[in-house]
Structure formats: structure tokens, C-alpha cells
1. How many residues does the range 117-137 contain that are in a loop (DSSP other than H, G, I, E, B) and either among the aliphatic types (A, V, I, L, M) or open to solvent by less than 50 Å² (accessible area, probe 1.4 Å) (or both)?
2. Restricting to the range 19-30, what's the tally of residues that are modelled with pLDDT of 70 or more and either surrounded by fewer than 16 Cβ atoms within 10 Å (Cβ to Cβ) or not in a loop (DSSP other than H, G, I, E, B) (or both)?
3. Among the numbered criteria (1) modelled with pLDDT of 80 or more; (2) open to solvent by less than 70 Å² (accessible area, probe 1.4 Å), which single criterion is violated by A80?
4. Can you pull out the residues in the range 63-77 that are of a type in the set (S, T, Y) and either surrounded by 10 or more Cβ atoms within 10 Å (Cβ to Cβ) or within 24 Å of L3 (Cβ to Cβ) (or both)?
5. In the range 83-116, how many are in a helix (DSSP H, G or I), surrounded by 13 or more Cβ atoms within 10 Å (Cβ to Cβ) and of a type outside the set (A, V, I, L, M)?
6. Condition first: open to solvent by less than 100 Å² (accessible area, probe 1.4 Å), at pLDDT below 70, touching a helix residue (DSSP H, G or I) at 6+ places or on another chain (Cβ under 9 Å) and farther than 19 Å from L3 by Cα. Can you find one or more residues in the range 34-46 that meet it?
7. List every residue pair whose Cβ atoms lie under 9 Å apart, where the two residues are 6 or more positions apart in sequence or sit on different chains, the first residue falls within the range 108-122 and is touching a residue at least 40 places away in the same chain (Cβ under 8 Å), and the second residue, located anywhere, is surrounded by 14 or more Cβ atoms within 10 Å (Cβ to Cβ).
Amino acid sequence: MSLPNKFMVFLGRTLRGHHHDSIRFKQEFPPDLDWFTESNVRGDCGYLGRQSDDHGDRIDIPTKKPRKSHKNPNPPLSDAQKVAKKVLSQVRIFIEHAIGGMKRSNILVHAFRNRIENFEDDVIGVCAGLWNLVLSY
């Protein structure tokens with residue numbers, strides 16, 4: 001999680017392999033607690049079910065374009081949905097820039113072959129701290 005000024009404020013645990021963002025998010029922030037009642041949260045389409053899980057009206061997730069079918073070969077989004085999606089992406093780009101800023105450290109970009117337990121978490125924490133230091137100067 002990051003602030004609009006690209007400052008990193010939260011990093012989840014790192015896991016090996018492929019894991020869906022929504023499942024990881026549920027592990028970090030269980031839905032039975034009110035995590036996001038006082039803050040605006042913006043996510044991508046990977047978190048579509050999260051709004052109903054958290055009873056959160058302050059969770060902004062873009063509208064996913066409907067699937068193509070034989071009856072509807074070119075399903076459109078309404079103009080209001082397109083505008084809302086564009087506004088949300090203009091805000092979310094800062095988060096992508098923050099992640100990219102952390103990846104200035106080559107250790108996050110290349111294959112990580114260290115076998116020390118939980119060392120990946122330490123590395124990404126140090127990289128986030130260095131990125132925050134760059135932003136503070």
C-alpha cells in the first residue's frame with residue numbers, strides 16, 4: 001500500500017510461486033474486521049469480490065468489461081463507467097510508480113536465489129525503506 005505521493009506504508013509478506021491478489025489480501029486483512037471504514041482503498045479488477053466481503057463503500061474497484069458472447073459479441077461499457085475507470089486509473093498509477101521505484105534495486109528485478117528463511121521480506125523492506133528515503137529528500 002502506498003500514499004498518493006508514492007510513499008510506501010505497508011508491505012505484505014512475500015510468498016513463492018503464483019498467488020492470487022485477492023486471496024493474499026483476505027489473509028492480510030480478514031473480512032470480519034472493519035479495516036477500511038476510515039480510509040479510501042483503490043484496487044484493480046483482481047479485488048472484485050472485496051467490496052461485498054468488507055461491506056466497504058470506500059473501496060474503489062473499476063468496472064470490469066462484460067465477457068463476449070454469441071448474443072453480445074461486443075459488450076460495451078457505459079460512458080459513466082469509462083469515465084470512472086479512467087479517474088481511478090489516474091490515481092492508481094502512482095501506486096504502480098511506487099512499485100517501479102522500489103524496483104530500482106536490482107535484487108527485486110532478478111531471480112532471487114537466496115535460501116535464508118524470510119530473507120525476501122527483509123530485502124523488500126529494505127528496498128521500500130530506500131525508496132521512501134529517496135522520496136523524503
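The values are calculated or read from the model by the stated rules, or taken from the named source; none is laboratory data. Bear in mind the structure is a predicted one, so any value in this text is a computation, not a measurement. All Cβ positions, glycine included, derive from the backbone under ideal geometry; neighbour counts span all protein chains shown. All accessible areas refer to the heavy atoms of the entire protein, side chains included, with ligands and DNA or RNA removed. Shrake-Rupley method; radii C 1.70, N 1.55, O 1.52, S 1.80 Å.
1. Going through the range 117-137 one residue at a time, the tally reaches 0.
2. Final tally of qualifying residues: 7.
3. With respect to (1) modelled with pLDDT of 80 or more; (2) open to solvent by less than 70 Å² (accessible area, probe 1.4 Å), A80 is out only on (2).
4. Across the range 63-77, the qualifying residue is only T63.
5. Of the residues in that region, 6 qualify.
6. Within the range 34-46, one or more residues are open to solvent by less than 100 Å² (accessible area, probe 1.4 Å), at pLDDT below 70, touching a helix residue (DSSP H, G or I) at 6+ places or on another chain (Cβ under 9 Å) and farther than 19 Å from L3 by Cα.
7. E120/T14; E120/F112; D121/L11; D121/T14
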